[in-house]
Ligand code: NAI
């Protein structure tokens with residue numbers, strides 16, 4: 001099958017080629033999918049996209065006109081694909097639902113530890129041969145309350161890790177995980193109760209109509225003073241303006257983000273020679289108790305291997321007319 005791989009990054013191409021073993025004819029392009037670049041898919045049966053690609057209804061309709069029958073995402077999140085449009089135009093869509101929840105949860109913990117123990121400031125000082133300890137005080141995680149919002153695959157790993165640190169765990173999810181309750185003593189609460197009581201809040205929800213700007217001004221007001229907020233889910237799960245206000249008022253003690261609501265236009269590319277275009281991101285970048293990574297929580301060898309293997313598996317299943325457990329079409 002002829003497959004066009006949009007948003008191909010140099011680091012992932014060897015993984016995809018290795019997994020493919022020359023079965024499918026893969027063409028890699030750096031351009032992301034958008035309504036302007038959809039025409040690049042003319043002559044391809046399938047495309048593969050990543051989280052910054054835009055498969056809105058208009059783009060999906062164009063893909064159908066250009067003969068594309070299958071979209072396989074190299075990501076778990078699929079908020080960037082209009083599944084209803086894909087179903088309407090008979091384009092099947094599949095994702096990689098669980099390539100490594102460990103990669104993401106461990107990255108969330110890395111952000112948390114780096115912020116709490118002021119590792120970036122300390123590193124910068126030591127680089128300048130400055131061994132001053134002022135303003136480097138953190139707190140023991142042991143005995144603190146961690147609120148985990150979304151206790152699916154990634155939230156589950158996060159729960160286990162934070163249990164290992166000796167934390168009290170509060171959870172919020174539309175579906176409770178009984179094993180987490182019995183083995184790791186997580187207590188499910190309302191979102192408000194979690195926010196009122198947690199010293200650290202970590203987000204592990206998909207972005208959808210219910211979770212869009214879930215962390216808003218009202219909820220931030222209820223949080224403990226000095227709370228550490230970690231977001232490795234999707235940028236738009238938090239209201240960025242409200243979080244900036246929370247940082248300014250010191251309600252939020254520190255913010256660690258791997259995702260950003262306007263990341264599509266910015267992340268995954270080198271803009272170091274350009275004038276920064278996004279005021280909120282520029283401001284966040286200047287606040288010392290904010291740590292930003294550019295959507296690389298998934299970037300482990302294991303995760304990239306699993307993403308590549310599952311992407312090729314999805315393509316294999318499509319060519320052999322086998323329905324995969326990774327198919328998303330039909331849901332919205
Ligand atoms: P999952 O589907 O296993 O877990 C999501 C959990 O959220 C489920 O337990 C579900 O019941 C819960 N949930 C959904 N809607 C909810 C709502 N309205 N209120 C409360 N709970 C709700 O997904 P997984 O694998 O844990 O991933 C979570 C998210 O993390 C993904 O959707 C994706 O956006 C993000 N992600 C980020 C990555 C990164 O590199 N930064 C990489 C992979 C995923």
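Looking at segment 265-319 only, could you name the residues that are more than 29 Å from residue 138 (Cβ to Cβ) and assigned to a loop (DSSP other than H, G, I, E, B)?
266, 268, 269, 270, 271, 272, 273, 274, 275, 276, 277, 278
Residue-by-condition table, conditions (1) surrounded by fewer than 20 Cβ atoms within 10 Å (Cβ to Cβ); (2) over 23 Å from residue 304 (Cβ atoms); (3) more than 16 Å from the ligand (Cβ to nearest atom):
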| position | (1), (2), (3) |
| --- | --- |
| 38 | no, yes, yes |
| 43 | yes, yes, yes |
| 51 | no, no, no |
| 73 | no, no, no |
| 84 | yes, yes, yes |
| 88 | yes, yes, yes |
| 91 | no, yes, yes |
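Part of a loop (DSSP other than H, G, I, E, B) and within 16 Å of the ligand (Cβ to nearest atom): is that true of residue 224 in this structure?
Against the criterion (part of a loop (DSSP other than H, G, I, E, B) and within 16 Å of the ligand (Cβ to nearest atom)), residue 224 does not qualify.
Just to be sure before I move on: is residue 133 away from the ligand (no atom under 16 Å from the Cβ), under 23 Å from residue 298 (Cα atoms) and surrounded by fewer than 20 Cβ atoms within 10 Å (Cβ to Cβ) in the structure I sent?
no
Report yes if some residue within segment 157-174 is within 23 Å of residue 255 (Cβ to Cβ), part of a helix (DSSP H, G or I), more than 10 Å from the ligand (Cβ to nearest atom) and in contact with a strand residue (DSSP E or B) (Cβ under 6 Å, 6 or more places away or on another chain); otherwise report no.
Filtering segment 157-174 for residues within 23 Å of residue 255 (Cβ to Cβ) gives 157-159, 161-162, 165, 167-173.
Narrowing further to those that are part of a helix (DSSP H, G or I): 157-159, 161-162.
Now restrict to residues that are more than 10 Å from the ligand (Cβ to nearest atom): 159, 161-162.
This time we only want the ones that are in contact with a strand residue (DSSP E or B) (Cβ under 6 Å, 6 or more places away or on another chain), so: 159, 162.
Yes - at least one qualifying residue is present in segment 157-174.
Tell me, which residue of segment 266-294 that is within 17 Å of the chain's Cα centre (by Cα) and closer than 20 Å to residue 119 by Cβ is surrounded by the most Cβ atoms within 10 Å (Cβ to Cβ)?
291
Looking at segment 175-192, which of its residues are more than 11 Å from the ligand (Cβ to nearest atom) and buried (at least 17 other Cβ atoms within 10 Å of the Cβ)?
Correct list: 184, 186.
With a cut-off of at least 1 residues that are modelled with pLDDT of 95 or more and closer than 30 Å to residue 144 by Cβ, name the helices (runs of 4 or more DSSP H) lying wholly within segment 1-119.
101-116
Within 16 Å of the ligand (Cβ to nearest atom), within 24 Å of residue 122 (Cα to Cα) and at pLDDT 95 or above, is that true of residue 283?
Considered against the rule, which asks whether it is within 16 Å of the ligand (Cβ to nearest atom), within 24 Å of residue 122 (Cα to Cα) and at pLDDT 95 or above, residue 283 comes out as no.
Against the condition buried (at least 22 other Cβ atoms within 10 Å of the Cβ), within 12 Å of the ligand (Cβ to nearest atom) and assigned to a strand (DSSP E or B), how does residue 230 come out, does it pass?
It is true that residue 230 is buried (at least 22 other Cβ atoms within 10 Å of the Cβ), within 12 Å of the ligand (Cβ to nearest atom) and assigned to a strand (DSSP E or B).
Between 219, 247, which is touching a helix residue (DSSP H, G or I) at 6+ places or on another chain (Cβ under 7 Å), closer than 29 Å to residue 120 by Cβ, assigned by TED's automatic domain parsing to the domain that holds residue 287 and not in a strand (DSSP E or B)?
Result of the check over 219, 247: 219.
Go through (1) more than 16 Å from the ligand (Cβ to nearest atom); (2) under 16 Å from residue 201 (Cβ atoms) for residue 142 and report which single condition fails.
Going through (1) more than 16 Å from the ligand (Cβ to nearest atom); (2) under 16 Å from residue 201 (Cβ atoms) one by one, residue 142 breaks only (2).
Which of the residues spanning segment 193-215 are free of Cβ contacts under 8 Å to residues at least 40 places away in the same chain, more than 14 Å from the ligand (Cβ to nearest atom) and assigned to a loop (DSSP other than H, G, I, E, B)?
none
Name the single residue that is nearest to residue 56 (Cα to Cα) among those in segment 93-115 being more than 9 Å from the ligand (Cβ to nearest atom) and out of contact with any strand residue (DSSP E or B) (no Cβ under 9 Å at 6 or more places or on another chain).
Looking at the filtered set, the residue picked out is 102.
The values are calculated or read from the model by the stated rules, or taken from the named source; none is laboratory data. As the structure is a computational prediction, the values presented were derived from the model and not from experiment. Counting neighbours? That spans all protein chains shown, and the Cβs are built from the backbone with ideal geometry, glycine included.
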